[in-house]
Amino acid sequence: MRHEQAEPESTTEEEYLVRKQLTLVAGIAALMLLIPACSSTTGSSAATSGGSAAGVKAGTATSLTGFGGMDALVNAAKAEGSINVVALPDDWANYGAIKKAFAQKYGITVNSILPDASSKEEIDAADKNKGTDKAPDVFDVGANVALSSTDRFAAYKVAAWDKIAAGNKESTGLWLNDYTGVMTVGYNATKFGEITSLDQLTDAKFKGQVAFNGKPAEAGAAFNGFLMVNGAYGGTFENLQPGIDYVKKLKAAGTLNLQDVTSGTIDSGTHGVVFDWTYNQASTITRLKAKGVDWKVFVPQGGEIASYYNQAINKDAPHPAAARLWEEYLYSADAQNMWLAGAARPILFDSMKAAGTLDSAAAANLPTVSGTPATPTSAQATAATAFLKANWDAAVA
Amino acid sequence: MTATTTTAGRDAVSASRPVSPGVVNALGTVPFFAYTAIFLVLPTVLVVIGAFQSRGGGFTLNGFTQVLSPRTVNIFGTSLWISLLTALVGATAGGVIAYALSLSPEGSLGRRVFTALMSVTAQFGGVMLAFAFIATIGINGLVTRLLSAFPALTPDPGFLSSLGGVAVVYCYFQIPLMVIVFLPAVEGLRPQWREATENLGGTSWTYWTRVAGPILLPSLLGSFLLLFANAFSAFATAAALISQQSVIVPLEIESALRNENDLGMDAYAQALAFGMIVVVALVMGAYALLMRRAARWAQ
């Protein structure tokens, strides 16, 4: 979902992506060389669980009625026993708690694969592991990947479907918005004191401390972080030069840090100022509070950016019923409030507020934003990516 | 294959008749060729095919068009010069160290300890090495903190994330690697050759330019090419030091594969990999030629 490679994960993640390909490669090579003893292509022979009649039904169900109600869905999912979720780090939008709560509530094992993968790698993981029980069942992807990968998704309308505005979902249920955050500047207030403006970040005391969460030309969080600084300096979604100029200023002042942001680099003091979503800053705040460090967050004036992530079900999901149960669970008040507790603004925020099921204490913790946060259109995002591809590397060189 | 194995093979054949020794010998090479086919040939073929394939599966030249763009050519250029530079530093420093080492008494404790140390550091790369440097002269590194009282001496926290920083870190494994691969060559220099040169009235200069130099040159160049390929293919070290700027080709490949803003970059990534294969193939070809020449002097 984001570009962040904690060192140990990156290895397993690569191994994981490569493993299936290697098994396949080994299989083809074995055939080519006609070595009978080498036919250990275990991966491809792994049965797609749910090959039964019930499984077929689950794979085509487009709503609860396809199962004959929630109880039937729960039973079908329990029979499958597990679910593969992809690119859901524990410290991202409170997903650690959500995965655990789902597993406890339904007794279904949650296999969290490639926690630090990007949205694109989620789709790649589905392609490479297609037809095996290792393929991801559900996706949580950025808008760009959601729009361009609809041929990989199964249409499914959750029970809360009607409470979601038409602009926040694909009309047949291929994908739907799940939560959004606001782009923020998070910083170590214990070390640096109060920061109220991006101008301050060129000060020598921030030497090597300021970072985006990834590379703006390739990672959603960093891309939106860039749009935030761009907006704060008078740029628009069409005019990105002010943002590039600001990045150049940071680079010239020696305050920009090009190493990847992880909880480890923040905790060790390598990164003291990080541009990231509210729901990622939230876990940092909690974690550092325990160590007596005050991590604060502010939204720069003019740089109010929001962007929804989207839920989708893999059309070749190895656990089709569990995948649908996961979606039903995410759009329940319980899970929506967990996102909220992780400083993400869930899509059902308004309807839950009206129904009185919203966790108002958690809602009060969301950072204050002046004005309505903006989101680039798909065309604007594409143009901006092309611009960043051409200009980012030179700006930070 | 020595005479003993051949006779043993012949005995076996005469006992059971039909299998010819050629087939038996060829059978022994099967694991090697199978291994090479699976882990070298097939991945290469997949990369080449992938370089021409769009995300939808159709044919595309998009990947190669992007590889030939000025920006990517520039990245290849950086990759090449950083590899050349660190190979040059490694070969020079490592060559001198190897020669010095060859002069110390064989089997002495100092030599054994030093060679062991070189063997370890030559293999000490990747994320661990990057972390070792970050923990030493990174922003909160040990040395950085110790020197914080003297601002003039404090290392620049951005240094490790710059090309210069990467080059310095690469030299950490390049120099010892040179010592390891070059030591056998300098050990092959016989003291008698030097004595003979002196007996014939040659100076130290004559010895190095007319005797030792020509003998060592092929293995020196061969080692240099090995160091070059070593640096050229390195990924993890640079990735841990710089991750948000694609300065060298492996970083650009990773960036293209991960990109969630533009999904159509797989062919570009594979075309980049193809470009790297071409460079490494050229270097390895040159290495093989030089080694063939160097082997003449080995005995």
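The values are calculated or read from the model by the stated rules, or taken from the named source; none is laboratory data. Everything numeric in this text was worked out from a predicted model, so none of it was measured. A quick note on method: Cβ atoms are made from the backbone with ideal geometry, for glycine too, and the neighbour counts reach across all protein chains shown.
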If we keep just the residues of the stretch A:171-203 that are among the small types (Gly, Ala, Ser) and in contact with a strand residue (DSSP E or B) (Cβ under 7 Å, 6 or more places away or on another chain), which is nearest to A:Phe139 (Cα to Cα)?
-> A:Gly181
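So that you can scan it fast, the table gives a plain yes or no per residue for (1) in contact with a Ser or Thr (Cβ under 8 Å, 6 or more places away or on another chain); (2) in contact (Cβ under 8 Å) with a residue 60 or more places away in the chain:
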position: A:Leu330; (1), (2): no, yes
position: A:Ala333; (1), (2): yes, no
position: A:Ala363; (1), (2): no, no
position: A:Gly371; (1), (2): no, yes
position: A:Ser378; (1), (2): no, yes
Write out, first by first residue and then by second, each pair whose Cβ atoms fall under 6 Å of each other, whose residues are 6+ apart or on separate chains, and whose first residue, in the stretch A:268-294, is more than 20 Å from A:Leu201 (Cα to Cα) while the second is among the acidic types (Asp, Glu).
-> A:Ser283/A:Asp91
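Tell me, yes or no, whether the stretch A:306-325 has at least one residue that is of a type in the set (D, E, K, R) and crowded, with 24+ Cβ neighbours inside 10 Å.
yes
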Checking A:Trp161 against (1) surrounded by 17 or more Cβ atoms within 10 Å (Cβ to Cβ); (2) modelled with pLDDT of 95 or more, the condition it does not meet = (1)
Would you say B:Val143 is modelled with pLDDT of 85 or more, closer than 30 Å to B:Leu103 by Cβ and out of contact with any Phe, Trp or Tyr (no Cβ under 7 Å at 6 or more places or on another chain)?
-> no
Enumeration of residues in the stretch A:109-121 that are under 14 Å from A:Asn314 (Cβ atoms) and more than 12 Å from chain B (Cβ to nearest Cβ) = A:Asn111, A:Ile113
Given the residues B:Gly213, B:Gly165, which is the only one that is over 23 Å from B:Ser104 (Cα atoms), over 18 Å from the mean Cα position of the chain (by Cα) and part of a helix (DSSP H, G or I)?
-> B:Gly165
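Could you tell me how many of the residues in the stretch B:143-158 are surrounded by fewer than 16 Cβ atoms within 10 Å (Cβ to Cβ) and either part of a helix (DSSP H, G or I) or at positive phi (or both)? Please lay out each step first, then the result.
Taking the stretch B:143-158 first, the residues surrounded by fewer than 16 Cβ atoms within 10 Å (Cβ to Cβ) are B:143, B:145-153.
Within this subset, residues satisfying the condition of being either part of a helix (DSSP H, G or I) or at positive phi (or both) are B:143, B:145-149.
Qualifying residue count for the region: 6.
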Taking the residues in the stretch B:51-72 that are away from chain A (no Cβ under 11 Å) and assigned to a helix (DSSP H, G or I) as candidates, determine which candidate is surrounded by the fewest Cβ atoms within 10 Å (Cβ to Cβ).
-> B:Thr65
Taking the stretch B:9-42 as the region of interest, how many residues are at pLDDT 90 or above and touching a helix residue (DSSP H, G or I) at 6+ places or on another chain (Cβ under 7 Å)?
-> 4
Filtering the stretch A:50-65 down to residues that are surrounded by 17 or more Cβ atoms within 10 Å (Cβ to Cβ) and among the small types (Gly, Ala, Ser), which residue is modelled with the lowest pLDDT?
-> A:Gly50
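When the stretch A:202-222 is examined, which residues are found to be out of contact with any Leu (no Cβ under 6 Å at 6 or more places or on another chain) and crowded, with 23+ Cβ neighbours inside 10 Å?
Across the stretch A:202-222, the qualifying residues are A:Gly208, A:Gln209, A:Ala211, A:Phe212, A:Asn213, A:Gly214, A:Lys215, A:Glu218, A:Ala219, A:Gly220, A:Ala221, A:Ala222.
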Only one of (1) within 14 Å of chain A (Cβ to nearest Cβ); (2) closer than 17 Å to B:Phe182 by Cα does not apply to B:Tyr268, and that is (2)
Counting residues that are of a type outside the set (Gly, Ala, Ser) and within 20 Å of A:Ser283 (Cβ to Cβ), which helices (runs of 4 or more DSSP H) fully inside the stretch A:316-390 reach at least 3?
-> A:333-341
Which condition does B:Met118 not pass, out of (1) exposed (fewer than 12 other Cβ atoms within 10 Å of the Cβ); (2) under 19 Å from the mean Cα position of the chain (by Cα), if it passes all the others?
-> (1)
Inspect all residues belonging to the stretch B:141-159 and state whether any of them is aliphatic (A, V, I, L, M) and under 21 Å from the mean Cα position of the chain (by Cα).
-> no
Please give the number of the condition A:Leu88 fails out of (1) more than 14 Å from chain B (Cβ to nearest Cβ); (2) in a loop (DSSP other than H, G, I, E, B); (3) surrounded by fewer than 18 Cβ atoms within 10 Å (Cβ to Cβ).
-> (3)
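Can you find even one residue in the stretch B:218-226 that is away from chain A (no Cβ under 14 Å), small (Gly, Ala, Ser) and farther than 15 Å from B:Gly94 by Cβ?
no
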Write out, first by first residue and then by second, each pair whose Cβ atoms fall under 7 Å of each other, whose residues are 6+ apart or on separate chains, and whose first residue, in the stretch B:108-133, is on the phi > 0 side of the Ramachandran plot while the second is of a type outside the set (Phe, Trp, Tyr) and surrounded by 15 or more Cβ atoms within 10 Å (Cβ to Cβ).
-> B:Gly126/B:Ala236; B:Gly126/B:Thr237
Within the group A:Asp140, A:Asp124, which residue is within 9 Å of chain B (Cβ to nearest Cβ) and either part of a strand (DSSP E or B) or surrounded by fewer than 24 Cβ atoms within 10 Å (Cβ to Cβ) (or both)?
-> A:Asp124
Answer yes or no: is there a residue in the stretch B:173-186 that is buried (at least 22 other Cβ atoms within 10 Å of the Cβ), closer than 16 Å to B:Leu80 by Cβ and in contact with a Phe, Trp or Tyr (Cβ under 9 Å, 6 or more places away or on another chain).
-> no
Looking at this structure, is A:Ala384 outside the structural domain of A:Ala160 (by TED's automatic domain parsing) and in contact with a Lys or Arg (Cβ under 8 Å, 6 or more places away or on another chain)?
-> no
For residues in the stretch A:366-383 being of a type in the set (A, V, I, L, M, F, W, C) and away from every other protein chain (no Cβ under 14 Å), which is farthest from the chain's Cα centre (by Cα)?
-> A:Val369
Could you look through the stretch A:275-298, keep only residues that are out of contact with any helix residue (DSSP H, G or I) (no Cβ under 9 Å at 6 or more places or on another chain) and part of a helix (DSSP H, G or I), and pick out the one that is surrounded by the fewest Cβ atoms within 10 Å (Cβ to Cβ)?
-> A:Lys289
Quick check: is even one residue across the stretch B:252-263 assigned to a loop (DSSP other than H, G, I, E, B), touching a residue at least 60 places away in the same chain (Cβ under 8 Å) and within 14 Å of another protein chain (Cβ to nearest Cβ)?
-> yes
